[in-house]
């Protein structure tokens, strides 16, 4: 069976179990998760890098961690507007970050993964918008 058409998705794991997350991804036909957390560690069971990678692999989904796409301003989460403004400026100064995420997504139905359930308060919405412009597509939040 050939690869499905390319697509761009985003997903946050906040409030989900690993099984729920994987069910959403499989339902959308996602075949690659691009983890854009600076530190792929979680207090939530199953969401740290290795167990998440293994669970995704068991479902037939590739896992790629791109530390450089993480938000270096995550400690400012209590001030989301400032946090996201600083991240936008960071991407403007570091266009290679978006280029590397785009390379990881090329040829795949890819989902950008981070913690926050709602994309509007998460840096993944900024990365997704930049990718969508370059790929001439729309990012869909799961």
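Where a number appears in this text, it was derived from the coordinates with a stated rule and is not lab data. Keep in mind it's a predicted model, so treat the numbers as computed, not measured. Please note: Cβ atoms are built from the backbone with ideal geometry, for glycine as well, and neighbour counts cover all protein chains shown.
Restricting to the range 17-31, what's the tally of residues that are assigned to a loop (DSSP other than H, G, I, E, B), in contact (Cβ under 8 Å) with a residue 40 or more places away in the chain and surrounded by fewer than 18 Cβ atoms within 10 Å (Cβ to Cβ)?
1
Name every residue in the range 55-70 that is more than 10 Å from the chain's Cα centre (by Cα) and on the phi < 0 side of the Ramachandran plot, in order of residue number.
55, 56, 57, 58, 59, 61, 62, 63, 67, 68
Would you say residue 127 is farther than 21 Å from residue 24 by Cα and surrounded by 14 or more Cβ atoms within 10 Å (Cβ to Cβ)?
no
Residues 112, 84: which one is under 14 Å from residue 12 (Cβ atoms), surrounded by 12 or more Cβ atoms within 10 Å (Cβ to Cβ) and under 16 Å from the mean Cα position of the chain (by Cα)?
After applying the criteria, what remains is 112.
Would you please name the residue that is nearest to residue 123 (Cα to Cα), looking only at residues in the range 4-16 that are in contact with a strand residue (DSSP E or B) (Cβ under 8 Å, 6 or more places away or on another chain) and part of a loop (DSSP other than H, G, I, E, B)?
13
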